[in-house]
Amino acid sequence: MPDRIAVVGLGVEGLCGAGAEARHAVDRAALVVGGRRHLTALGALAAGVRTVPLTGDLGAALDEIQAEPGPVCVLASGDPGFFGIVRPLAERFGAASLEVHPAPSSVALAFARLGMAWDDAAVVSAHGRPLMAAARAAASHPKVAVLVSPESPPEALGGALLELGVTDRRAAVCARMGDAGERVDIVDLAGLAAGRWDPLSVVILLAEPGPPSTPALAWGLPDGSFDHRGGMITGAEVRAVALGKLALPPRGVVWDVGAGSGSVAIECARLCPGLRVLAVEEEGDDAGRISRNADRHGVAVEVIGGRAPAALAGLPDPDRVFVGGGGHAVLSAVLDHLRPGGRVVATYAAVDRAVGAADRLGAMVQVGVSRARRLPDGGLRLAAENPVFVVWGPREELDREPTT
C-alpha cells in the first residue's frame, strides 16, 4: 500500500491553476486515478504514467491504489473533501495517509457567481439518497445549495419541493461550474420543475420575503396519517414522548424493531433526513404497509422482514433504537448491537415487562392519555386509554426517592 496518496482538486484552470505542491504530486505519481475528463485534462503530464479511470466501480479503483507500491495521485473536481472522494479514501487508507490539495468547490463557485456569501447556507446532497429526503432537508432552510445528479436532476428537485407544498423559493441553476460551458439560470420553483436542466449542476434555493410556505416542524403525527392494522400503531401522544426520549442525532443509524405500521421509523426519517432508518417487522402485510406509509410521507425507510432478534443479524449497528415489540431477548440483542453513546427507547403495555426493561435501561415513565369525546348534549367528557410505559436508557440507575 502506498505511504502517501495525493488527492488533487482540479479547478477552473485545471492543473494550470494548481499550486506547486499539487503539480509535483502529479509529476511524481506512479499511478494517477481520476475521472476520464480529469485524465484527459492532464494531457501530456500523464504521458507514460499508469492511469486508472474512476467509474461506477469505486471499489476496483481503491483496490488498484492499494496494490500500487509507488506514489499515487487521485484527481477530482473542486474540493475533494466536500462530498467527494476524500471520505472513501480516508475510510480505506486512513486520513494520515492522505495529502489533499483542494480547488474551489462547485458550491463555492455557484455562490461566487451569484455574488453571495454562503457561511449561513445549508448544503444538501441528492447523490445516493432518496430525492424526497433531500428536498425535505432543503425545505427546512432559507438558503440552501443542493447537489443534484443524473438520477435526481434539477427539475425533479423542483417537482419534489412543490409536492411538499414549498412555493416561496427562487432557484439558481448553476451548471458546470468552472467549465467552458458554465451557465447560471434564475427561475421560480414552477420554472425549475418545468425545465430540462443539466444534471451536472448545483441548485441554489433562496427563500422569498414573506410568510414561509415550508411545512411546519411537527412530530407525534395523528394516527390517521398512517395506514395500520387494527390499532397496531404506537399512539400519537406516546409516539411524541418516545421520539423526545430518542434524542435523535442528525446523522447515524436508527432501528425501529417490531415496527408495525412504521410510524416511529417514518417520523424519525421526517425529523432528521440525514439518518439511515431501518424498520424490522416480521408480519409480511405490515412490512408492505411500512413501505407504503414511507412513500406517502416522502421519506426513506429500509424495511427488514423477519422476527427479532434473529432479523437483527448483519444490520449496521444502531445509534438509536425504538423497540415497539418483543420481549427481553430482543432488548438484550439490541443492547449488544448498540453503538457507544447510543440510546434505546422501548414501550410496553404490561407492567412486569416494563419493570424488567427499566432495570436494564434505567429510566421509565407512564404515559396516560384521556381523549375528549363529545356528549349528546354537546359537552365533552374524557375517555381514558390504557396507560403505556415508556422506558429508555442506558442510564446508570432509576431515579430514586429522596431519603429523609
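Values in this text are rule-based calculations from the coordinates and carry no lab data. Computed from a predicted model, the values in this text were never measured in an experiment. Glycine also receives a Cβ, built like all others from the backbone with ideal geometry; neighbour counts cover every protein chain displayed.
Computed from the alpha carbon positions, the gyration tensor of the range 307-404 leads to an equivalent ellipsoid with semi-axes of 32, 19, 11 Å, biggest first. Springs between Cα atoms under 10 Å define the GNM used for the chain, and in it the highest mean-square fluctuation of ALA110, ALA372, ALA308 occurs at ALA372.
Dividing the summed -39500 (n - 2.57) terms of all DSSP H runs of n ≥ 4 by the residue count of the chain sets its mean residue ellipticity at 222 nm at -8500 deg cm²/dmol.
Give, as ranges by residue number, the residues of the range 314-335 whose backbone N falls under 20 Å from the point 7 Å along Cα→Cβ of ALA349. It comes to 322-331, nothing else. Sorting HIS141, HIS101 by the number of Cβ atoms found within 10 Å of their own Cβ, with the fewest placed first, yields HIS141, HIS101. Each listed q (0.15, 0.17, 0.22 Å⁻¹) maps to a log10 I(q)/I(0) for the range 5-104, found by the Debye formula over equal Cα scatterers with no solvent: -0.50, -0.66, -1.20.
Listed from fewest to most Cβ neighbours within 10 Å, the set SER201, SER97 follows the order SER97, SER201.
For the range 223-393, the average shadow cast by the Cα convex hull is 10.2 nm², which is a quarter of the hull's surface. Each 10 Å bin from 0 upward holds the following percent of the Cα-Cα pairs of the chain: 4, 19, 22, 22, 19, 10, 3, 1, 0, 0.
In the range 107-207, the alpha-carbon atoms span a convex hull of 84 Å³ per residue. In terms of the mean number of neighbouring beta-carbon atoms within 10 Å, the peptides 358-366, 378-386 order highest first as 358-366, 378-386. In terms of other Cβ atoms within 10 Å, VAL184, VAL351 run from fewest to most in the order VAL351, VAL184.
For the range 103-146, the C-alpha radius of gyration divided by 2.2 N^0.38 Å, with N the number of residues, is 1.21. Across the chain, C-alpha contacts under 8 Å between residues 6 or more apart give a mean separation that, scaled by the residue count, equals a relative contact order of 10 percent. A cut-off of 5 Å between modelled amide H atoms, ignoring neighbours fewer than 5 places along the same chain, links SER77 with LEU10. For ASN386 and ARG92, the difference between the fully extended length at 0.36 nm per residue and the C-alpha to C-alpha distance is 100.7 nm.
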